[in-house]
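The values are calculated or read from the model by the stated rules, or taken from the named source; none is laboratory data. Note that the structure is a prediction, hence the values are computed from the model and not measured. Counting neighbours? That spans all protein chains shown, and the Cβs are built from the backbone with ideal geometry, glycine included. Only protein heavy atoms, including side chains, enter the accessible area calculation; ligands, DNA and RNA are left aside. Shrake-Rupley method; radii C 1.70, N 1.55, O 1.52, S 1.80 Å.
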Amino acid sequence: MNSLLIHQYTKSIRLTPDGFSLYGEAQGDTLRHAFHANSENALLTLKAPDFFQLSDNGETTLDVIVATRPPLLVPDVIFDESKVRDYLRMQFDISQIGEHFSDTLGHYRSLYFLTQNELTSLSGLPCKLQYKSEATLLYQFLQSQGQPDAVLLSVNDTFADILAVQNGEPLLVNRTTHVENVDLLYHTLNSVQQLGMAAPTLLVHYFTKPNRKLNDLLARYIDHITLL
């Protein structure tokens with residue numbers, strides 16, 4: 001994993017559609033890591049204290065990285081804090097929302113949320129929690145790479161996220177649940193074409209094991225590729 005990404009994920013709980021991951025301190029260029037599937041979500045309050053060696057005083061701070069669903073982006077020029085739930089209702093079933101959050105993603109306000117069940121599990125941890133949207137972390141990473149026109153493909157076992165920036169500003173934050181190699185190739189090329197990007201740099205990041213076949217396939221169609 002890229003050193004900056006390692007820093008962003010150190011001492012964090014990452015929530016995804018298929019479960020949760022615990023990331024500890026960095027060991028060289030890797031993070032100590034444990035993944036637990038959805039069937040074990042109720043065990044978060046048992047697994048995390050042992051993994052992070054949390055004390056009972058509750059002084060440890062952990063990041064909660066929310067990657068359960070893509071955020072909703074609302075342009076800053078029209079954003080109204082009092083209408084957050086109305087915005088979210090346009091894209092999500094908000095009946096299960098426990099708490100919503102927002103942060104800045106370029107010239108957009110990025111809205112995301114946790115369900116009441118997710119909050120209940122997290123509230124049982126003896127630590128201080130800081131909530132972050134993964135989309136924002138990945139966007140900040142793209143900005144740090146010095147590539148004004150770039151696309152980031154972030155690959156997981158059951159989904160892949162794609163973020164695109166042009167002149168450093170966000171053009172696209174999207175997700176696909178089709179993760180076969182040809183599907184990811186199509187998703188990437190279609191996004192670049194629809195956005196009218198001439199020759200962007202493609203950065204490829206794996207939360208899974210690196211996929212050489214996918215890398216080779218992408219390299220046939222995209223000139224500038226950086227593997228993270």
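If Lys209 meets every condition in (1) at pLDDT 95 or above; (2) in a loop (DSSP other than H, G, I, E, B); (3) not hydrophobic (A, V, I, L, M, F, W, C) apart from one, which number is that one?
Condition (1) is where Lys209 drops out.
Please count how many residues of segment 126-181 are over 24 Å from Leu62 (Cβ atoms) and hydrophobic (A, V, I, L, M, F, W, C).
Qualifying residue count, segment 126-181: 15.
Could you tell me which numbered condition Gly196 fails, if it satisfies all but one of (1) over 22 Å from Thr104 (Cβ atoms); (2) under 14 Å from the mean Cα position of the chain (by Cα)?
Every condition holds for Gly196 apart from (2).
If I filter segment 45-62 for residues that are within 27 Å of Thr176 (Cβ to Cβ), touching a residue at least 24 places away in the same chain (Cβ under 8 Å) and of a type outside the set (Phe, Trp, Tyr), do I get at least one hit?
The answer is no; no qualifying residue exists.
Just checking, how many residues over segment 110-131 are modelled with pLDDT of 95 or more and surrounded by 21 or more Cβ atoms within 10 Å (Cβ to Cβ)?
Final tally of qualifying residues: 5.
Which condition from (1) at pLDDT below 90; (2) crowded, with 17+ Cβ neighbours inside 10 Å is the one that Ala42 breaks?
(2)
If I ask for residues that are out of contact with any helix residue (DSSP H, G or I) (no Cβ under 7 Å at 6 or more places or on another chain) and either under 29 Å from His33 (Cβ atoms) or assigned to a strand (DSSP E or B) (or both), which ones from segment 189-202 would you list?
Ser191, Thr201
Scan (1) more than 20 Å from Phe207 (Cα to Cα); (2) open to solvent by less than 80 Å² (accessible area, probe 1.4 Å); (3) free of Cβ contacts under 8 Å to residues at least 60 places away in the same chain for the single condition Tyr23 breaks and write down its number.
Evaluating Tyr23 over (1) more than 20 Å from Phe207 (Cα to Cα); (2) open to solvent by less than 80 Å² (accessible area, probe 1.4 Å); (3) free of Cβ contacts under 8 Å to residues at least 60 places away in the same chain leaves (1) as the failure.
Across segment 138-153, what is the total count of residues that are out of contact with any Ser or Thr (no Cβ under 9 Å at 6 or more places or on another chain), open to solvent by less than 10 Å² (accessible area, probe 1.4 Å) and either part of a helix (DSSP H, G or I) or among the β-branched types (Val, Ile, Thr) (or both)?
2
Looking at the structure I just gave you, is Val173 buried (at least 16 other Cβ atoms within 10 Å of the Cβ) and farther than 15 Å from Gly106 by Cβ? Working first, answer last.
Values: buried (at least 16 other Cβ atoms within 10 Å of the Cβ): yes; farther than 15 Å from Gly106 by Cβ: no.
It is false that Val173 is buried (at least 16 other Cβ atoms within 10 Å of the Cβ) and farther than 15 Å from Gly106 by Cβ.
Which members of segment 115-152 meet the condition of being more than 11 Å from the chain's Cα centre (by Cα), within 16 Å of Thr16 (Cβ to Cβ) and of a type outside the set (S, T, N, Q)?
Within segment 115-152, Glu118, Leu122, Tyr131 meet the criteria.
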